[in-house]
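Taking it in order: structure first as structure tokens, then the write-up.
The values are calculated or read from the model by the stated rules, or taken from the named source; none is laboratory data. Keep in mind that what you see is a predicted model, and the values were worked out from it rather than measured. Neighbour counts are summed over all protein chains in view; Cβ atoms, including those assigned to glycine, are modelled from backbone coordinates with ideal geometry. Accessible surface is based on the protein model in full, side chains and every heavy atom, while ligands, DNA and RNA are left aside. Shrake-Rupley method; radii C 1.70, N 1.55, O 1.52, S 1.80 Å.
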Amino acid sequence: MSDTCLGMKLKWYGGALVASLFMLLVLRYVVMKNPVEESYLRNPFSSNATNPLEWVHITGSPTVQYPVNASQVISVDAIAFSLFAQRNLSEGEQQSLFTWNLLKNLINHSHALPNGVEAIKEAGSAWNSLMALVQEKKLGYANDNPSKKAKEKQCPHFLNKMNATEPDKSDYKLRVPCGLSQGSSITIIGIPNGLLGNFRIDLTGEALPGEPDPPIILHYNVRLHGDKMTEDPVIVQNTWTIAHDWGEEDRCPPSTPDKNRKVDELDQCIKLVSKDDNRTVSPHSHASRKSSVGLQGVKYFPFKHGSLFVATLRVGSEGIQMTVDGKHITSFAYRETLEPWLVSEVRISGDLKLISVLASGLPTSEDSDLTVNLEALKAIPLSHQKPVDLFIGVFSTANNFKRRMALRRTWMQYPEVRSGTVAVRFFVGMHKNQIVNEELWNEARTYGDIQLMPFVDYYSLITWKTLAICTFGNSPHKQTEVVSAKFVMKTDDDAFLRVGEVVASLSRI
């Protein structure tokens, strides 16, 4: 067992080291000077459409406008009242807020972690909207319009639009109701046309109240005739937020070779040298006249003016990958506060004949009315008189519905869990999207195994989730109604845990 203890210690030390390195990287990113990207931001799109893909008219020269209250300071008391005010909630609904109430002191220390203040403020707005909807349902108002209710609860597995091109319209949007998750993909079929053939694909999030433009989680800009830095075709990837403006550009081909790093074990930019080593080049072709080294000098760029392409943006664990005609082209690492689950819309604009758009692998919630053996999937209630041997806290994000259901059907069915010897709870932050929050709230009420966090989920705030797990698993106070466990464990919602083996190992300590 000494080897096991040593392994556990090494994991703790390794975790601390990774966390320290992560904080250093965050500090480096915060102080980094952001180059100015071309200003093409448009006015906000309307979100009240019935069709997920709609035409958008752009008028006038785009500008970046900052809200009047951007620098307004919200008091700690106002945030606390928004998040922790007494609500008319049932006993079952309050079960998902046990840890929420214990984390009230986070507000006084929100500056300790990057984006902590923003995450708590955004959670306050999302929480108020959710609670207003919950109260409406209790009063029966929400049932007056069944079609509206069905639309709000819609988290489809895929969305598609064929024959998207219409005359005199070149800007499109695809509304993604419940964000993206790992494995989600956006496939675009089109033909670069017009004068230059330049086009852009933007994955945008939800704009906060008072902000004219939403954050851009991924800006994918294809420039067939280059830009100010090069005359060759280039792909520019970046992000934008109203607080920090444009980030540092990721260019493909990169401006310097040392900037080509790995994301999800894939090159940030492939080596764009030749399209097909087996093809022959006419001696009278433009490529052969420009280069005397034969095929090695033939430039390959995945997009070509007037040529059909099939491009897919795929969500990975570390970043977003782009493949064109089945070939990996670029990777883009996620940036702070711009995670894929916050994507709410795909915007496509520029000189592009758009033929079709398909979003697949989207996060979708399960209809509990159709769930087989629903009672067997619900959490065993906690007992104050009987402490559990092991408490397992699971990191999860709001729209990871399918992952949580997979865990409920697999290792959460171990006898140790079903007997109450081991307790399992998911620790989930709020989402900026009201539909996602509503689905999450319904899931929490149905299964009783979700603990909501009083902040919006960002990668940089996993320390708060760890604190929440430790607090939940080591609080024997009756007024908090949480568990007192002999051991506390943390895991992720994409891991399979052999609960029996873990409990057997702990019993030998």
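Assorted remarks:
- Just one of the listed residues (465, 432) is at pLDDT 90 or above, closer than 29 Å to residue 317 by Cβ, in a loop (DSSP other than H, G, I, E, B) and not hydrophobic (A, V, I, L, M, F, W, C), namely 432.
- Entry remark, region 379-388: residues being within 21 Å of residue 503 (Cβ to Cβ) and surrounded by fewer than 16 Cβ atoms within 10 Å (Cβ to Cβ) number 5 in total.
- Residue satisfying all of: in region 337-373; among the acidic types (Asp, Glu) and more than 30 Å from residue 462 (Cβ to Cβ); surrounded by the most Cβ atoms within 10 Å (Cβ to Cβ) among these: 351
- Residue within region 392-404 that is in contact with a Lys or Arg (Cβ under 8 Å, 6 or more places away or on another chain) and aliphatic (A, V, I, L, M) present: yes
- Residue 433 being open to solvent by less than 50 Å² (accessible area, probe 1.4 Å) and either in contact (Cβ under 8 Å) with a residue 12 or more places away in the chain or not assigned by the TED database to the domain that holds residue 131 (or both): yes
- Condition check for residue 461: closer than 23 Å to residue 110 by Cα and touching a residue at least 40 places away in the same chain (Cβ under 8 Å): yes
- Residue count for region 318-357, restricted to those that are without any contact (Cβ under 8 Å) to a residue 24 or more places away in the chain and not in a strand (DSSP E or B): 2
- Counted residues, region 442-462 - those being part of a helix (DSSP H, G or I), crowded, with 20+ Cβ neighbours inside 10 Å and among the aromatic types (Phe, Trp, Tyr): 1
- Residue among 275, 290 that alone is modelled with pLDDT under 50, open to solvent by 20 Å² or more (accessible area, probe 1.4 Å) and touching a Phe, Trp or Tyr at 6+ places or on another chain (Cβ under 8 Å): 275
- Only residues that are surrounded by fewer than 18 Cβ atoms within 10 Å (Cβ to Cβ) and under 22 Å from residue 308 (Cα atoms) were counted across region 194-223, and they come to 3.
- Look at (1) modelled with pLDDT under 80; (2) at positive phi; (3) open to solvent by 90 Å² or more (accessible area, probe 1.4 Å) and you find that residue 265 fails only one, number (1).
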